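Engineer: Here it is: the structure, laid out below.
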Protein chains: 2
Amino acid sequence: MARRGSYAKGVAKREEILQRALEVIAREGYRGASVRELADAVGLSQAGLLHYFESKEELFTEILRKRDEMDRVAFEPEAVAAMEASDGTETDLVRAGFVSVLRHNSEVPGLVQLFSRLAVDAADPSHPAHAYFRDRDAQLQESLSDALGAMQEEGTITDRIDATTLALVIQSVADGLQVRWMHDPSVDMAGTVTALLDALAPTGASTADE
Amino acid sequence: MARRGSYAKGVAKREEILQRALEVIAREGYRGASVRELADAVGLSQAGLLHYFESKEELFTEILRKRDEMDRVAFEPEAVAAMEASDGTETDLVRAGFVSVLRHNSEVPGLVQLFSRLAVDAADPSHPAHAYFRDRDAQLQESLSDALGAMQEEGTITDRIDATTLALVIQSVADGLQVRWMHDPSVDMAGTVTALLDALAPTGASTADE
DNA sequence: GTCTATACTCGGATAGAC
DNA sequence: GTCTATCCGAGTATAGAC
């Protein structure tokens, strides 16, 4: 794919850096971390690290992008659902994908901090991460709408609210819960969303397995 | 209440500053504003402004506190509900209070930005605003639980989820929606929460008036 | 009580050696 | 490609005059 050794090396190194940064932040947290701190953690000098990225903002945006990419393969909803089905557990795509990611998030506090922080900073349209969030939100909105729409057709969730609005609700509640959880780690993000989904099941139907 | 002229003056001036700061931020927005900017807007020098507050963080925390105070009197749920009732509109306390504030928020973008920004910064327990959020969240949680619990007894909302969890959901969805709305002002915060509440009405019951 | 002026810190960016 | 060194801006905090 890459034509030249040097170019390929650059890209490979970039990926390696992102990979490590991801691990470090996940494990050690991000409290408004500076490029210097991250550079240390990754084993480069500040200048060395910025050699691979345009700016601090671009660097952090790329970290989030990488995170999404990894979550996507690790929690591919269809795969998870299939796995759980063979398990005897009955699940829908929302619980299998979205809620699983949320559950996983409580294992990686630093990434949640980074995400939430950047989300508010990027509200400014001129912020380098603005486009990232626009695209991410749109994609998530679409896949959630699809999954929820399907559930409505199957009758596993109420149709008293349209799938688009419900997708927005689910996404927002997850974002809000993450901030809440940062303040008080005892809140159960995945459990709360699950409880909401359960409450939205059409009367009579039940997805709970107790 | 105040013993001494100077002390009373100090407190009064502080209030006046907060009042003005609130207006300015509401109208002109807060994009990570510095103390200097705010001082200019309020008609004081940076040092003059900090004369009244311990630090930047304390200043901004007090602004949010003041905001809550004003919202509390402007949107006192019982009053709003009573007003709407005399209007012929039937409402519950959640829609009358909480959702009204949310609707109002779209008029004051700067305050939403400030709130969201501080919310993520204050996740750090050593941040001066940490206690503010802890208390605020707890209070809101309590009043929402009470209101939702009452609605469950009246049968205007489902009891397939406990009031405490539902309160957390409502609060989180509002917080999440605010960030979403900052990115894309076309999202309808109040409308979305209302749609959720409608969807959670027990089957058969209806609060919608169309 | 409010201002001007300044000190100090942090952190991102950049130049240039190796 | 990576480092050291440096620069520079932003922004809070504080000293001291008025």
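Engineer: May I ask you to list the lysines whose Cα is less than 26 Å away from that of A:K13, ignoring any residue fewer than eight positions away on the same chain?
Structural biologist: Straight-distance partners of A:K13: A:K56, A:K66.
Engineer: Just how large is the dipole of chain B about the Cα centre, in debye to the nearest 20, putting +1 at every Lys and Arg Cβ and -1 at every Asp and Glu Cβ?
Structural biologist: It works out to roughly 1260 debye.
Engineer: Using +1 at the Cβ of each Lys and Arg and -1 at the Cβ of each Asp and Glu in the protein assembly as shown, identify which of A:V73, B:P185, A:V42 lies farthest towards the dipole's positive end.
Structural biologist: A:V42
Engineer: Run lengths n ≥ 4 of DSSP H only: what is the helix-derived mean residue ellipticity at 222 nm for chain B, with -39500 (n - 2.57) per run over all residues, to the nearest 500?
Structural biologist: -22000 deg cm²/dmol
Engineer: Here is a further query. Please list 3J(HN,Hα) in residue order for the range B:172-185, calculated via the Karplus relation 6.51 cos²θ - 1.76 cosθ + 1.60 where θ = phi - 60°; whole Hz, with x for glycine and proline.
Structural biologist: Result, ordered by residue: 5, 5, 5, 4, x, 5, 5, 5, 4, 5, 5, 6, 9, x Hz.
Engineer: Please state the shape class of chain B: rounded when a/c is under 1.5, otherwise prolate if a/b exceeds b/c and oblate if not, all from the C-alpha gyration tensor.
Structural biologist: prolate
Engineer: Next question. What gaps in nm, shortest first, separate A:E107 from its twins in the other copies when you place the label 7 Å past Cα toward the beta carbon?
Structural biologist: Computed spacing set for this position: 4.7 nm.
Engineer: So, one more: To the nearest 0.05, what FRET efficiency results for B:A47 and B:A12 with a Förster distance of 22 Å applied to their C-beta separation?
Structural biologist: Efficiency at R0 = 22 Å is approximately 0.65.
Engineer: Please state the charge dipole magnitude for the range A:55-116, taken about the Cα centre, from unit charges on C-beta atoms (+1 on K and R, -1 on D and E), reported in debye and rounded to the nearest 20.
Structural biologist: 260
Engineer: Between A:E90 and A:A150, what is the FRET efficiency for a Förster distance of 22 Å, r being their Cβ-Cβ separation, to the nearest 0.05?
Structural biologist: Plugging the Cβ-Cβ distance into 1/(1 + (r/R0)^6) gives 0.90.
Engineer: Using a Förster distance of 22 Å, how high is the FRET efficiency between A:D124 and A:E54, based on the Cβ-Cβ distance and rounded to 0.05?
Structural biologist: 0.80
Engineer: Please turn the phi angles of the range B:16-29 into ³J(HN,Hα) values with the Karplus equation 6.51 cos²θ - 1.76 cosθ + 1.60 (θ = phi - 60°), one per residue in order, whole Hz, x for glycine and proline.
Structural biologist: Result, rounded to whole Hz: 4, 4, 4, 4, 5, 4, 4, 4, 4, 5, 4, 7, 9, x.
Engineer: Moving on. State whether the range A:26-71 is rounded, prolate or oblate according to the following rule on the C-alpha gyration tensor (a ≥ b ≥ c being the square roots of its eigenvalues): a/c under 1.5 gives rounded; otherwise a/b larger than b/c gives prolate, and the remaining case gives oblate.
Structural biologist: Verdict is oblate for the range A:26-71.
Engineer: For the charge dipole of the range B:55-199, defined by +1 on Lys and Arg C-beta atoms and -1 on Asp and Glu C-beta atoms about the Cα centroid, which residue among B:Q152, B:L114, B:A195 has the Cα displaced farthest towards the positive pole?
Structural biologist: Checked the options; the winner is B:L114.
Engineer: A further question on this structure: If you put +1 on each Lys and Arg Cβ and -1 on each Asp and Glu Cβ, how big is the dipole of the protein assembly as shown around its Cα centre, in Debye rounded to 20?
Structural biologist: The calculated dipole for the protein assembly as shown is roughly 2460 debye.
Engineer: One decimal, nm, shortest first: give the distances between the label point of B:Q46 and those of the same position in the other copies, each label point 7 Å from Cα along Cα→Cβ.
Structural biologist: Inter-copy label distances (nm, one decimal, shortest first): 2.0.
Engineer: Over chain B, what is the mean sequence separation of C-alpha contacts under 8 Å (at least six apart), divided by residue count, expressed as relative contact order in percent?
Structural biologist: So the answer I get is 19 percent.
Engineer: What does the charge add up to near A:G176, with Lys and Arg as +1, Asp and Glu as -1, over the other residues with Cβ less than 12 Å from its Cβ?
Structural biologist: With Lys, Arg at +1 and Asp, Glu at -1, the neighbours total -1.
Engineer: Tell me the distances, shortest first, between A:R65 and the same position across the other copies, using label points 7 Å along Cα→Cβ, in nm to one decimal.
Structural biologist: Sorted ascending, the copy-to-copy spacings read 4.3 nm.
Bear in mind these aren't lab numbers, they're just calculated from the coordinates by the rules spelled out. Keep in mind that what you see is a predicted model, and the values were worked out from it rather than measured. Glycine also receives a Cβ, built like all others from the backbone with ideal geometry; neighbour counts cover every protein chain displayed.
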